[in-house]
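S.K.: Take a look at this one; I'll ask things after.
The values are calculated or read from the model by the stated rules, or taken from the named source; none is laboratory data. Keep in mind that what you see is a predicted model, and the values were worked out from it rather than measured. Because the Cβ atoms are built from the backbone with ideal geometry, glycine has one as well, and the counts that use them run over all protein chains shown. Only protein heavy atoms, including side chains, enter the accessible area calculation; ligands, DNA and RNA are left aside. Shrake-Rupley method; radii C 1.70, N 1.55, O 1.52, S 1.80 Å.
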Amino acid sequence: MQTNTCCICDAATLLHRQNLRTLAVMAGVCDALLRQFAAKQQSSKPGAHEPWAQLGELIALASQSNSVLAEGVAQGIELANNVEKHWLGDYDSLCLNCGFLLTGASED
């Protein structure tokens, strides 16, 4: 059974192996989109923006840019591989707050 909080520090910051790829890919896609959005904003004219207008532009950019999404997915997969290799090792979960590593047997 999955533990939602760390059994050592009680923080809800557990990174589970089965969620690692999804979280890393989401982070990679967000990073790639934000980098492209920032570059687009720097090249456009400065000015006042209506509330939520820039969020709408970011969402529109996400739907128009398959290459940025592919770049973000690749970036996320590379991150997941590094976390799995260098942080998790043979363990199933890692607390990002205190660093405690858990195996499947200790989560029952």
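S.K.: If I ask for residues that are surrounded by 11 or more Cβ atoms within 10 Å (Cβ to Cβ), touching a strand residue (DSSP E or B) at 6+ places or on another chain (Cβ under 8 Å) and of a type in the set (Gly, Ala, Ser), which ones from region 60-108 would you list?
M.R.: Matches in region 60-108: Ser93 only.
S.K.: Answer yes if at least one residue in region 87-100 is aliphatic (A, V, I, L, M), assigned to a helix (DSSP H, G or I) and under 20 Å from the mean Cα position of the chain (by Cα), and no otherwise.
M.R.: Scanning region 87-100 turns up at least one residue that is aliphatic (A, V, I, L, M), assigned to a helix (DSSP H, G or I) and under 20 Å from the mean Cα position of the chain (by Cα).
S.K.: For region 17-27, how many residues meet the condition of being surrounded by 15 or more Cβ atoms within 10 Å (Cβ to Cβ) and over 18 Å from Leu55 (Cα atoms)?
M.R.: 6
S.K.: Further, regarding this structure: Every residue in region 34-59 that is without any contact (Cβ under 8 Å) to a residue 24 or more places away in the chain, part of a helix (DSSP H, G or I) and open to solvent by less than 60 Å² (accessible area, probe 1.4 Å), please.
M.R.: Ala38, Ala39, Gln41, Ala53, Gly56
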